[in-house]
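Here's the structure we're looking at; comments come further down.
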Amino acid sequence: MYEFDCAKDMLGLCEKYELPISALMYRRELEGTEAGEEEIDGKMSRALEIMKHAAHSPIIQPKKSMNGLLGGEAQKLDALYQTGKAPCGDLVSRGITYAMAVLEVNASMGLIVAAPTAGSAGIVPGTLLALQEIYGLSDDALLSGLYNAGAIGYLAMRNATVAGAVGGCQAEVGVASAMAASAMTELMGGTPRMCAAAASTVLQNMLGLVCDPVGGFVEYPCQNRNAAGVANAMVASELALAGIPQLIPLDEMMDAMYKVGKRIPPELRETALGGCATTPSACASCQGGCAGN
Ligand code: SF4
């Protein structure tokens, strides 16, 4: 009854039952698993709790990453924000701070929620927690946002990929940003079609982004890209909320992203054999052990 396997069907069901994407996804979850409301609610609340902790704790206590490439970025961003001189404005500044914090936690082997992956885990919480802080959203609203984001992530996993090793960073950070853009659009009063348009916009804007982690570690440039992913999500959501239509439906963009991903050479799909990973400075940071030397 609530099952869907593409964005077109998802939007059709939203219109048929007059539901936002979040509510449709919730009902799909109830229908498709043996878990009851209590269990599903409990798991999603726990996910939000983990996201909050990962987004806030490095601001107070910076985390040094396992491979030494990250640590302290979230605290620096927070310090700039507290001066009142952060140029990106409140929403983006808070979002990028929280996104980078989550990557600090991930890179220091802390607890995060893969949304959809560990390398892109900062974007959904960064976006949602910034919205909560700036617009006073409730935790219940954020939980709805997570169901909405989950629907987009589910479609990407089902019909394309969320693995950098398969489709490049566009599939990780790109999909995470699409999830965040869709969730933000719903939370700010947008229709399901606006949510899908926002997700499509993100995939267009991040199409072709390669996966090239320095030293092969999910640290750098991954953390920077999580910050950029938050900004990308917010831009796409604002376009959608303004009622700007998108030529390319989400299903077609997922398909295009997947096809582009498969054509990205192996050197640029999480092998650390190209891109940022083989720049002289990256190789120097790996003390001569990287593939570029
Ligand atoms: S560069 Fe690769 S490992 Fe890093 S976030 Fe992007 S897809 Fe993940």
Please verify whether residue 163 is within 16 Å of the ligand (Cβ to nearest atom), modelled with pLDDT of 95 or more and touching a Ser or Thr at 6+ places or on another chain (Cβ under 6 Å), treating the condition exactly as stated. no
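Take the residues in segment 242-255 that are out of contact with any helix residue (DSSP H, G or I) (no Cβ under 6 Å at 6 or more places or on another chain) and among the aliphatic types (A, V, I, L, M), then tell me which one is farthest from residue 161 (Cα to Cα).
My answer is 242.
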Selection from segment 155-185 of residues of a type outside the set (Val, Ile, Thr) and touching a Phe, Trp or Tyr at 6+ places or on another chain (Cβ under 9 Å) yields 155, 156, 159, 160, 167, 171, 183
Considering segment 91-135, residues that are in a loop (DSSP other than H, G, I, E, B) and over 13 Å from residue 177 (Cβ atoms), and then whichever is nearest to the ligand (Cβ to nearest atom), we arrive at 118
Within segment 164-214, residues being assigned to a helix (DSSP H, G or I), of a type in the set (A, V, I, L, M, F, W, C) and more than 16 Å from residue 127 (Cα to Cα) number 9
The residue that is nearest to the ligand (Cβ to nearest atom), considering only those in segment 182-217 that are of a type in the set (S, T, N, Q), within 18 Å of residue 167 (Cα to Cα) and surrounded by fewer than 23 Cβ atoms within 10 Å (Cβ to Cβ), is 205
Contact list, first residue from segment 12-41 and closer than 14 Å to residue 1 by Cα, second anywhere and of a type in the set (A, V, I, L, M, F, W, C) and not in a helix (DSSP H, G or I), beta-carbon distance below 6 Å, six or more apart or interchain, is 13/4
Task: Meets criteria (under 24 Å from residue 66 (Cα atoms), assigned to a helix (DSSP H, G or I) and either away from the ligand (no atom under 14 Å from the Cβ) or touching a helix residue (DSSP H, G or I) at 6+ places or on another chain (Cβ under 7 Å) (or both)) for residue 225 - done: yes
Those residues of segment 33-55 which are touching a Phe, Trp or Tyr at 6+ places or on another chain (Cβ under 8 Å) and surrounded by fewer than 18 Cβ atoms within 10 Å (Cβ to Cβ) amount to 40
Practice item. Examine segment 22-31 for a residue that is within 18 Å of the chain's Cα centre (by Cα), more than 30 Å from residue 254 (Cβ to Cβ) and part of a helix (DSSP H, G or I), and state whether such a residue exists. Key: no
Being within 14 Å of the ligand (Cβ to nearest atom) and acidic (Asp, Glu): is that true of residue 252 here?
no
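The values are calculated or read from the model by the stated rules, or taken from the named source; none is laboratory data. Computed from a predicted model, the values in this text were never measured in an experiment. Cβ: placed from backbone, ideal geometry, glycine included. Neighbour counts: every protein chain shown.
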